[in-house]
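Here is the structure we will look at, set down as structure tokens.
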2 protein chains.
Amino acid sequence: MPDRVTAAVLIIGDEILSGRTQDTNLNFIAKYLGTYGVDLAEARVVGDIKEEIIASLNALRGRYDYVITTGGIGPTHDDITADCVAEAFGVALEEHPEIIAMMQSRWQGELNAARRRMARVPVGGSLVRNGVQGPPGFQIGNVFVLAGVPAVMRSMMDDVVPRLRTGAVVISRTVRVEGAGEGVIAEPLAALARANPDLSLGSYPFYGPQGYGSNLVVRGRDGEAVERTVAALIDALAGIGATSITRVDA
Amino acid sequence: MPDRVTAAVLIIGDEILSGRTQDTNLNFIAKYLGTYGVDLAEARVVGDIKEEIIASLNALRGRYDYVITTGGIGPTHDDITADCVAEAFGVALEEHPEIIAMMQSRWQGELNAARRRMARVPVGGSLVRNGVQGPPGFQIGNVFVLAGVPAVMRSMMDDVVPRLRTGAVVISRTVRVEGAGEGVIAEPLAALARANPDLSLGSYPFYGPQGYGSNLVVRGRDGEAVERTVAALIDALAGIGATSITRVDA
């Protein structure tokens with residue numbers, strides 16, 4: 001089996017936990033990493049609380065190949081991510097000359113204390129380019145510190161991915177079953193899962209005015225094995241009484 | 001300060017981490033709990049891996065007043081939440097007579113092994129009503145185990161909330177600043193945050209074709225203190241050169 005490359009996402013921000021903001025960064029990062037064969041293995045959401053950010057970051061960076069954080073890198077008092085990352089790595093923060101220069105050119109030299117806060121990077125960190133608005137993110141060790149604003153985070157990911165060790169891409173195929181529930185799908189699906197321990201087989205039921213059924217997903221790094229299992233799955237479901245069984249992706 | 005009631009959410013499912021599914025359950029639960037004064041303090045997303053589900057559940061249930069899990073309670077082989085919860089609590093799973101009776105009435109007595117899987121509840125657990133489709137969830141100790149399908153999860157929350165110790169509701173007010181960035185907002189905002197340690201003040205910047213600025217959010221359980229701080233914030237921002245400063249909620 002090919003080497004697995006893993007990542008975790010740490011979402012930092014009271015606004016996600018209060019329900020004020022619907023997070024979409026996790027889904028974007030998951031899909032983006034997936035196209036490079038990097039598996040998102042865990043995610044955590046923590047509030048703007050120093051001890052919790054540091055504890056979560058240390059747990060995740062020790063456990064996975066990479067950690068991507070989102071949120072908390074602006075100039076306001078609640079933006080404490082850089083401080084927490086520096087403390088987690090046991091290093092100081094220093095003003096990064098490139099950021100100071102960028103900001104001086106943008107604000108014609110007029111840098112107040114709040115703006116200077118955004119120039120602070122942990123010693124040993126390198127910058128992550130921001131193609132949209134505001135200061136860059138940074139990388140230190142296996143941790144990438146990105147903005148929380150989705151458009152900014154997305155642009156930063158373009159500068160993160162080239163730095164990652166990438167893996168074999170996971171191939172995912174879906175079989176949509178209509179008019180039959182998981183109760184009758186479970187047994188043939190489980191038999192195929194047992195026979196293919198290197199693949200991941202999942203069932204995602206749906207119900208609504210349009211009917212009911214389940215989307216069955218076969219995932220794995222060996223494309224031929226995925227195709228073979230999709231074909232075997234369609235065969236195995238022939239007798240369950242579904243109204244339709246359709247591959248929904250090529 | 002009034003007693004704080006805390007909760008964590010544990011989202012279980014490969015489909016969230018692969019990016020196949022955009023989670024919306026966290027945001028719904030956050031807002032729903034908020035209306036009862038229960039603070040969502042942390043969330044985690046883990047895959048369908050037994051050891052990780054158990055470790056996360058044990059970390060969260062020891063730390064917060066309540067834990068709500070979503071996902072992994074169907075009849076298929078990848079639905080392992082009940083097994084993990086039972087193991088985390090060190091108890092066995094047993095078929096719950098009410099669920100067996102419900103399912104027998106629905107499927108006219110025809111219960112295969114997969115369907116019987118859905119009837120398993122940890123010893124000592126009580127049921128959480130499912131008003132939509134499929135088997136109920138369950139509660140054991142301070143842990144509520146809900147479905148992952150959003151419509152089902154939402155209906156189950158109606159049976160969770162009456163069982164919670166509730167707290168004083170957090171009042172949240174927003175001031176929208178246009179045409180001025182966080183660099184000039186930060187200082188007056190930080191001064192008010194320092195003067196009001198019982199409140200939470202946050203800044204959520206926006207930029208786009210319609211302009212730029214930030215939504216400033218004042219949150220706290222003391223409504224008068226929130227109102228006073230919103231008024232002080234609007235005063236304090238008078239000199240920063242914004243094109244508009246508007247309360248956006250009553």
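Where the label is 7 Å out from Cα toward Cβ, how close does residue B:206 come to the same position in every other copy, in nm, shortest first?
Relative to the other copies, residue B:206 has label-point distances of 3.1 nm.
Quick one: give the max-minus-min coordinate of the C-alpha atoms of region A:182-243 along each principal axis, largest first, in Å.
37, 21, 16
Using only alpha-carbon positions, what ratio does the radius of gyration of region A:39-115 give when scaled by 2.2 N^0.38 Å? If you can, show how the numbers build up before the last one.
Values: Rg = 14.9 Å, N = 77, 2.2 N^0.38 = 11.5 Å.
Compactness ratio reported: 1.30.
If you average 1/r over every pair of different alpha-carbon atoms in chain B and take one over that average, what Kirkwood value in Å do you get? Don't jump to the answer; show the numbers that get you there.
Details: mean 1/r = 0.0489 Å⁻¹.
So the Kirkwood estimate lands at 20.5 Å.
When you look at the Cβ of every residue in B:103-114, what mean number of other chain Cβ atoms sits within 10 Å? Before the final figure, lay out the partial values.
On the way: counts 1, 0, 0, 1, 3, 0, 0, 1, 1, 4, 4, 10.
Taking all residues of B:103-114 together, the mean is 2.
Only four residue types carry charge here, +1 at the Cβ of Lys and Arg and -1 at the Cβ of Asp and Glu. Report the dipole size of chain B about the Cα centre in Debye, rounded to the nearest 20.
Working: 23 positive and 29 negative charges, 70 e Å.
I would put it at about 340 debye.
Return one number: the angle in degrees, 0 to 90 and rounded to the nearest 10, between the long axis of the Cα atoms of helix A:150-160 and the longest principal axis of the Cα atoms of chain A.
Between helix and principal axis, roughly 90 degrees.
Kindly express, to the nearest 10 degrees and within the range 0 to 90, the angle between helix A:50-63's C-alpha long axis and the longest C-alpha principal axis of chain A.
The angle comes out at about 50 degrees.
Give the span of the protein assembly as shown's Cα atoms along each principal axis, as three whole-Å numbers ordered largest to smallest.
Principal extents (largest minus smallest coordinate, Cα): 74, 50, 41 Å.
In chain A, what residue has the beta-carbon at the shortest distance from the axis of the rotation relating A to B, and what is that distance in angstrom, rounded to the whole number?
Closest to the axis: A:44, 3.
How much length is gained if the chain between residue A:163 and residue A:31 is pulled fully straight, taking 0.36 nm per residue apart and subtracting their Cα-Cα distance, in nm to one decimal? Write down the numbers at each step before the final one.
Numbers: separation 132, 0.36 × 132 = 47.52 nm, distance 1.70 nm.
So the extension gain works out to 45.8 nm.
What's the magnitude of the charge dipole for the protein assembly as shown around its Cα centre, counting Lys and Arg as +1 and Asp and Glu as -1 at the beta-carbon? Answer in Debye, nearest 20.
Numbers: 46 positive and 58 negative charges, 70 e Å.
Rounded to the nearest 20 debye, it is 340 debye.
Quick check on chain B: helices-only [θ] at 222 nm, where DSSP H runs of length 4 and up contribute -39,500 (n - 2.57) each and the sum goes over total residues. Nearest 500, please. Write down the numbers at each step before the final one.
Numbers: 9 runs with 91 residues, N = 250.
-10500 deg cm²/dmol, from helical runs alone.
Sort all Cα-Cα distances of region A:1-67 into consecutive 5 angstrom bins from zero, then give the percent of pairs in each bin up to the one containing the longest distance.
Taking every Cα pair in region A:1-67, the percentages come to 4, 17, 25, 21, 19, 9, 3, 1, 0.
Quote the Stokes-Einstein diffusion coefficient, in whole µm² s⁻¹, for region B:114-175, based on the Kirkwood radius over alpha carbon pairs, a temperature of 25 °C and a viscosity of 0.890 mPa s.
On the way: Rh = 13.2 Å.
Once the numbers are plugged in, D ends up at 186 µm²/s.
Every number in this text was worked out from the coordinates using simple rules, so none of it is lab data. In this text the structure is predicted, and so the values were computed from the model without any measurement. For neighbour counting, all protein chains shown are included, and Cβ atoms are generated from backbone atoms with ideal geometry for every residue, glycine included.
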